[in-house]
Structures are given as structure tokens and as C-alpha cells.
1. Can you pull out every residue in segment 33-67 that is touching a Ser or Thr at 6+ places or on another chain (Cβ under 8 Å) and either more than 16 Å from the ligand (Cβ to nearest atom) or part of a helix (DSSP H, G or I) (or both)?
2. Where the second residue is basic (K, R) and surrounded by fewer than 21 Cβ atoms within 10 Å (Cβ to Cβ) and the first is in contact (Cβ under 8 Å) with a residue 40 or more places away in the chain and lies in segment 5-32, which pairs have Cβ atoms under 8 Å and are six or more apart or on separate chains?
3. Mind checking which pairs have a first residue in segment 203-223 that is over 30 Å from A162 (Cα atoms) and free of Cβ contacts under 8 Å to residues at least 60 places away in the same chain and a second that is of a type in the set (D, E) and surrounded by 17 or more Cβ atoms within 10 Å (Cβ to Cβ), Cβ under 8 Å, 6 or more apart or different chains?
4. Among the numbered criteria (1) more than 12 Å from the ligand (Cβ to nearest atom); (2) surrounded by 21 or more Cβ atoms within 10 Å (Cβ to Cβ), which one does V8 miss?
5. All but one of (1) over 30 Å from A77 (Cβ atoms); (2) buried (at least 22 other Cβ atoms within 10 Å of the Cβ) hold for L208; state the number of the condition that does not hold.
6. Counting just the residues of segment 108-127 that are under 21 Å from L202 (Cα atoms) and surrounded by fewer than 24 Cβ atoms within 10 Å (Cβ to Cβ), which one comes out nearest to the ligand (Cβ to nearest atom)?
7. Picking from F166, F86, which residue would you name as being part of a helix (DSSP H, G or I), of a type in the set (F, W, Y) and within 16 Å of the ligand (Cβ to nearest atom)?
Amino acid sequence: MNEQPVNVSVRQRTGVLELDRPKALNSLNHEMIRIITDALEGWREDPDIEQVLIVSASPKAFCAGGDVRQARDGILAGDHGPVDQFLSDEYAMDNLIGTYPKPYIAVWDGIVMGGGLGVSSHGSHRVTTAKAWASMPEMAIGYITDVGISWSSQRWPNSTPAIGTFIGLTAYRMTAADMLHLGLATHLVEDAAAFAEDVIGLGVDGALEKHSTTTDEPSQVAAWREDIEATFGAGTWADIDAALDAHPNREFVDTVRDLMAKASPSATVAAAELYLANRDAPTLRDGLDNEERLGELVRRQPDFVEGIRAVLVDKTQDAQWTDPHDPEEYRAVLR
Ligand code: QUE
């Protein structure tokens with residue numbers, strides 16, 4: 001039996017990363033981060049490798065995030081060091097992908113959450129099927145929008161700072177139509193496996209010529225664009241909250257309040273500050289640096305272990321959150 005959580009191979013001139021930890025929906029642990037980082041560093045200057053392809057071994061999930069259950073265990077054991085190192089290495093991997101000198105092709109054909117977007121969306125080609133969806137659900141576990149998405153979601157070709165902030169604060173599930181509308185996804189294909197095979201056999205341009213298609217599905221984010229700008233563009237969480245209260249489209253506001261019903265109030269305050277800081281951060285690495293410093297702070301606050309308990313360990317969805325913290329506490333670690 002194959003025990004590797006990431007299968008690394010070279011096929012013709014393509015470096016292939018296949019996420020293969022199906023019982024955990026491919027959630028990324030430290031070993032997987034190391035395997036992917038080592039492979040990418042080896043292929044970066046290798047003239048026999050023209051491109052990198054990242055796929056999931058199972059169609060259900062591309063990747064459901066970081067292995068935060070393990071992170072909680074470490075923190076409960078009183079040891080933040082290994083958890084800090086895990087996240088630091090994950091963010092370095094995200095930056096390596098975002099600055100990779102070769103085509104980096106991700107194929108999404110199922111759930112993509114959190115760290116799953118980090119390991120895929122910073123590359124050059126983000127290819128989705130109609131059944132994929134993506135979300136940044138960190139508010140539900142008392143954490144912050146990370147893996148570079150608090151920076152990049154404000155900059156996807158057809159996104160804005162307000163839309164990025166909406167994605168991070170509400171955990172809204174983007175459909176393929178939303179991802180294509182925002183430019184998070186660059187292409188749509190029908191058959192993920194057939195497309196991936198042709199990326200190897202024909203190269204990425206040939207495979208896209210053969211498989212790339214379009215959809216008539218409407219994007220909900222596109223329909224909400226003005227509502228999102230009028231509310232999530234307001235500034236701090238206090239400003240956004242007030243703008244939501246005053247916003248005339250009550251159907252939109254009710255949907256947002258429902259999406260945020262399980263969110264940690266402190267994490268929401270912290271993430272809104274992070275989005276404001278990363279609006280002006282020059283590079284992905286600067287954005288990740290803000291996430292890294294803020295993440296270290298937030299993981300030391302009680303909502304993080306409590307959120308993971310309620311959502312992923314006990315699965316009782318009954319997190320007892322602390323009262324929202326002062327945004328100044330978070331601003332102090334942001335640049
Ligand atoms: C927030 C998160 C994660 C999450 C849910 C959240 C996360 C994560 C998982 C997850 C889901 C299914 C699994 C698994 C992990 O869920 O990071 O192992 O089987 O990895 O609300 O940040």
C-alpha cells in the first residue's frame with residue numbers, strides 16, 4: 001500500500017504532485033508541506049521539467065485546508081513552537097508557488113478550502129470543473145484568512161478589496177461560476193482526469209485548447225457586486241457591521257448574517273484588520289508576513305482551540321466565543 005500523503009512523480013516533462021490523504025480530505029500536514037516544497041525546489045531549475053501539475057487522487061476533495069486538528073493538539077500540549085513552524089513552512093510554500101518561474105497548473109474537482117487554495121491558487125493556471133467549490137472558512141474556527149488569500153483575494157483579476165474581504169469574513173462558498181467571474185479560476189473543463197492526462201501529453205496550452213469550455217451558470221458574487229462594495233468596502237469590522245445594518249438590500253444582509261452566524265467575533269475583527277493592512281502590502285510575501293504575525297497572535301487566544309473543538313473535534317458547532325477584542329491589539333502586529 002502507498003503510505004505517502006503526496007505522490008510525487010515526473011511524467012514526460014511534467015512534475016506531478018498528487019494529494020493523496022483521502023480520509024482527511026487531503027488536509028495538509030507538515031509532512032505534505034515538506035514533500036511539496038522539496039519537489040518544487042528540485043524542479044525549479046531542472047531543465048527537464050517544463051511545468052508542474054497539482055491534482056487530487058480522489059475527486060471528492062482537492063484539499064480541505066490545513067491539518068488544524070493536529071495544530072490544536074500541539075497547542076493543548078503547551079507547545080506552540082512546532083505549530084508556528086508548520087504554518088511558517090506552509091506560508092513559505094505558498095510564496096514559492098506564487099513566485100514559481102514555470103507554469104503551475106492546479107485542477108480543482110471538489111472541495112477547496114483554506115490551505116487548499118494556498119497550495120493551488122497562487123500558480124499560473126487554476127483550472128476548475130463545474131462541481132468544484134471554494135471557501136475560506138477560518139472565522140468558524142477562530143482563526144484568520146491566511147495562506148496568502150487575504151492578499152490575493154483582493155487582487156484576483158476581477159476582484160476588489162471589498163470582494164476579498166467578503167470572501168474571508170463570510171466563508172461564502174464560491175461556485176465554479178463565481179471563481180471564473182472573479183478570475184480566481186482561469187479556466188473551466190468538464191473532465192478533470194482527462195484534462196490532467198492531456199496536460200502531461202499535450203502541454204498545458206494544447207490541453208486547454210482541447211478541454212476549455214464555458215458555463216451559463218450565473219455568478220452570485222457578480223449579482224451581489226454592488227452590495228458587497230457598499231458594505232465590505234467600508235473599512236474595519238465595526239464599519240462593515242454598521243454598513244450592513246444600514247444597507248437597503250435586506251435579503252443580501254440576511255444572507256451575510258446567516259453566513260457569519262458561527263463566526264468568531266474576535267477572528268472577524270482580526271481578519272478585517274488583516275484585509276486593510278494587506279490592501280496596500282506590495283507583494284504576496286508581505287501579505288503572508290502579516291498573516292504569519294497575526295496568526296501567531298490569534299493562535300494564542302482562546303477562540304482558536306475552542307473553534308477547532310466545536311467544528312472539527314466534537315463537531316457540536318457550539319463554540320463559546322470570547323467577547324470581541326479591540327482592533328488595536330491586532331493592528332500592533334500588522335504593517
Ligand atoms: C475551518 C478550517 C478548516 C476546516 C473547517 C473550518 C480546516 C480543515 C478542515 C477539515 C475538514 C475536513 C477534514 C479535515 C479537515 O476543516 O482548516 O481533516 O476531514 O483542514 O471551518 O480552517
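Every number in this text was worked out from the coordinates using simple rules, so none of it is lab data. Just so it is clear, the structure is predicted and the values come from calculations on it, not from any experiment. With ideal geometry, Cβ positions are generated from the backbone for all residues, glycine too; neighbour counts draw on all protein chains shown.
1. Those that are touching a Ser or Thr at 6+ places or on another chain (Cβ under 8 Å) and either more than 16 Å from the ligand (Cβ to nearest atom) or part of a helix (DSSP H, G or I) (or both): I49, E50, Q51, V52, L53, I54.
2. Once the first residue is in contact (Cβ under 8 Å) with a residue 40 or more places away in the chain and sits in segment 5-32, its partners that are basic (K, R) and surrounded by fewer than 21 Cβ atoms within 10 Å (Cβ to Cβ) give L25/K60.
3. Hits for this filter: G206/D198; A207/D198; K210/D198; H211/D198.
4. (2)
5. For L208, the exception is condition (2).
6. The selected residue is G123.
7. Only one candidate qualifies: F86.
For every residue, the table says whether it meets (1) in a helix (DSSP H, G or I); (2) under 19 Å from the mean Cα position of the chain (by Cα); (3) within 16 Å of the ligand (Cβ to nearest atom).
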| site | (1), (2), (3) |
| --- | --- |
| D205 | yes, no, no |
| L208 | yes, no, no |
| D241 | yes, no, no |
| V256 | yes, no, no |
| A272 | yes, yes, no |
| L276 | yes, yes, no |
| E291 | yes, yes, yes |
